[in-house]
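**Q** Would you mind keeping the following structure in view while I ask a few things?
The values are calculated or read from the model by the stated rules, or taken from the named source; none is laboratory data. These figures come from a predicted structure and were not determined experimentally. Neighbour counts are summed over all protein chains in view; Cβ atoms, including those assigned to glycine, are modelled from backbone coordinates with ideal geometry. These area figures cover heavy atoms from the full protein model, side chains too; ligands, DNA and RNA do not enter into them. Shrake-Rupley method; radii C 1.70, N 1.55, O 1.52, S 1.80 Å.
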Amino acid sequence: MTYIIAEPCIDIKDRSCVDVCPVDCIHEFERILIIDPEECIDCFAPTEQLITSHGLRTFAELEDRSCRVLTDDGFKPAVVKRFRRRPLAKIAFAPAFEERDRYGGTRLTMRNISRFRRTVWATPTHGWVLADGQKTNSLGVGQFVPAVRSTPKRDGETYRLGVLHGLVYGDGSWNKVEIRSGEHLHYVQLYGERVARFCDFFEQLNFSPGLDIHPGYAGTGVVRSCLNLKKLLPETADTEYITGFVDGWLAADGDPVKAGSWRLRSIDHEALSWLEQAAPIAGYVAVGSGEEGSLEANFGVRSRAIRWLYLATRETYWRVMRVEPQEFDDADTFCAVVPGKHEFTLAGGIATGNCGACEPECPVEAIFPEDALPDKWNAFVEINYAFPDPAKINALTDTYATEHDVQNEPLE
C-alpha cells in the first residue's frame, strides 16, 4: 500500500521522512515532497496466502478484488493490489509462547526448541507488527511477531452443517447416492462423549442394537448432502462453516491435550497441510507437526504414515529464525489495503502490517496511508500519482495552494 503526502507539506518540505525511507521513494519538487507510488511498496509474493472470511486465498487470485481479511479485531474490508516487481526474502518463523522467568516476570520463548516452521516470502523491507506493539521495516532474527486467530461463532445453522461435515470427514463413511433424491448418503458411528455431544446436530439418528456392545455407542448419525463430504474440504466456505468442520474433525479424530489444545492424527497429509494454514479461522494456531514411524495397525499395514498436527488455543507468537534474501529474479509484489487497520493476517496466523517508516517522522503530520487519507485532501492522490512528471506535479500543487489559500509557515 502506498502513502500520500498531503497539504501540510506544501512549502515545508522537511526531509526527516526522506532520511528514514527504506526504499528511497520520497522525492523533492518545487513546493512539496512526493512519494513514488510504485516504489513505496514492500509486500508479498503472489503465491503467499492470507486469511479471508471465505478461507485461504493467495494474493494473486484476489488481485483488485474486495474481500474481508482477518485482523486482531476480527474480519475487516480490504482490497488486494499488485505492485512493482521487487526482490524477495525467505523468512522462517517458529512458534513461541509467553512464560514466566525466574525473576517473576514473563518472557517469550520457544518451548522444547520446536522444529516446527512456517515460511513466508516477502520483500526484505516489508513492514511488520512486533509482539511489543512496535513496527519495523527490517525484520531480523530473534524478533517476535504476534499470532492472530479468530473468535468465531459456534451457535448457528452454518456451524451445525460444518460440524456434520467434519464428523463425516474424520470418522464417517460414504454409503451411496440415493436414486430418487440424488443426494449422497453418509453414516457416522457416534462413540464417546466428544462426538455424542453433537447428537442433536443430526436430522436423523439411528440406533443399531448390534453396535451397542461397544462402550460409549450413542447412535448412528445420517448425513445427506449434494456432494461426497468424505472427499471434500471446506476450502472456500465461510468462517462459521470452517469452524464447525474443524470442531467436528477434532471430535472424531483428535486427542485433547492440556490448555484446551488438540493433537490431530490422520493419513490425509494434504488435509492436514490445509488445516495447518487455515486453523486460525477456527480459533486455533498450528504450532507443531510430525509423522509416526510405524505403518503397522491392528487391521494390517497402512497405505501412508500417520501425520499429526498440534493445534494450540493459548496465546502464541512467532519467532524469526532466518531471513534469507534470494538471488532469484524480482517478482511481482502484492499487498492487502485494509482501511483503518493497516494490518492483516497471513496463512497460519502470522500478523503483518504495511510499510510506512516515513509516517511517524513527519513533523507536520502530512503523510497518510492512501486508504486513510482525509477526504478533504483527496486532491493529493492525483498530485502524488502524477510522479515522475515535475511539470504536472508543480502545476497541480500551485493550483491547489491558490484555490485553498495555503499559507504554511516554514519550519525553523
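**Q** Which pairs do you get when a residue that is of a type in the set (Asp, Glu), found in segment 174-190, comes within reach of a residue that is open to solvent by less than 70 Å² (accessible area, probe 1.4 Å) and outside any loop (DSSP other than H, G, I, E, B), reach meaning Cβ atoms under 6 angstrom, with the pair 6+ apart or on two chains?
**A** Filtered contacts from segment 174-190: GLU178/LEU185.
**Q** Something else about it: Being surrounded by 14 or more Cβ atoms within 10 Å (Cβ to Cβ), modelled with pLDDT under 95 and either touching a His at 6+ places or on another chain (Cβ under 6 Å) or not aliphatic (A, V, I, L, M) (or both): is that true of THR106 here?
**A** The answer is no for THR106.
**Q** Does segment 349-360 contain any residue that is over 25 Å from VAL23 (Cβ atoms) and open to solvent by less than 10 Å² (accessible area, probe 1.4 Å)?
**A** Yes: segment 349-360 contains one or more residues that are over 25 Å from VAL23 (Cβ atoms) and open to solvent by less than 10 Å² (accessible area, probe 1.4 Å).
Residue-wise test of (1) of a type in the set (A, V, I, L, M, F, W, C); (2) open to solvent by 60 Å² or more (accessible area, probe 1.4 Å); (3) under 22 Å from VAL148 (Cβ atoms).
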{"position": "TYR241", "(1), (2), (3)": "no, no, yes"}
{"position": "ASP247", "(1), (2), (3)": "no, no, yes"}
{"position": "LEU250", "(1), (2), (3)": "yes, no, yes"}
{"position": "SER266", "(1), (2), (3)": "no, no, no"}
{"position": "HIS269", "(1), (2), (3)": "no, no, no"}
{"position": "ALA279", "(1), (2), (3)": "yes, no, yes"}
{"position": "ALA282", "(1), (2), (3)": "yes, no, yes"}
{"position": "SER289", "(1), (2), (3)": "no, no, yes"}
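**Q** Is it the case that some residue within segment 116-130 is open to solvent by 20 Å² or more (accessible area, probe 1.4 Å) and on the phi > 0 side of the Ramachandran plot?
**A** Within segment 116-130, none of the residues are open to solvent by 20 Å² or more (accessible area, probe 1.4 Å) and on the phi > 0 side of the Ramachandran plot.
**Q** Also, quick follow-up: For segment 291-346, name all the residues that are of a type in the set (Gly, Ala, Ser) and without any contact (Cβ under 8 Å) to a residue 12 or more places away in the chain.
**A** SER294, ALA297, GLY300
**Q** Let me ask something else. Taking the residues in segment 322-375 that are touching a Leu at 6+ places or on another chain (Cβ under 7 Å) and of a type outside the set (S, T, N, Q) as candidates, determine which candidate is modelled with the lowest pLDDT.
**A** ALA331
**Q** Select from segment 18-68 the residues that are under 22 Å from the mean Cα position of the chain (by Cα) and among the acidic types (Asp, Glu) and write down the one among them that is least open to solvent (accessible area, probe 1.4 Å).
**A** This residue is ASP42.
**Q** Grab the strands (runs of 3 or more DSSP E) fully contained in segment 224-300, keeping just those with 2 or more residues being β-branched (Val, Ile, Thr).
**A** The qualifying strands (runs of 3 or more DSSP E) are 285-291.
For every residue, the table says whether it meets (1) of a type in the set (Ser, Thr, Tyr); (2) outside any helix (DSSP H, G or I); (3) modelled with pLDDT of 95 or more.
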residue	(1), (2), (3)
TYR159	yes, no, yes
GLY166	no, no, yes
TYR169	yes, no, yes
TRP174	no, yes, yes
ILE179	no, yes, no
ASP200	no, no, yes
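**Q** With respect to the numbered conditions (1) out of contact with any Lys or Arg (no Cβ under 7 Å at 6 or more places or on another chain); (2) open to solvent by less than 70 Å² (accessible area, probe 1.4 Å), which one is the sole condition not fulfilled by VAL168?
**A** Only one criterion is unmet by VAL168, namely (1).
**Q** Quick one: would you say GLU365 is assigned to a strand (DSSP E or B) and open to solvent by 60 Å² or more (accessible area, probe 1.4 Å)? Give the derivation first.
**A** Details: assigned to a strand (DSSP E or B): no; open to solvent by 60 Å² or more (accessible area, probe 1.4 Å): yes.
When the stated conditions are applied, GLU365 does not pass them.
**Q** A further question on this structure: Please enumerate the residues belonging to segment 303-322 that are part of a loop (DSSP other than H, G, I, E, B) and open to solvent by 30 Å² or more (accessible area, probe 1.4 Å).
**A** SER303, ARG304, THR313, ARG314, GLU315
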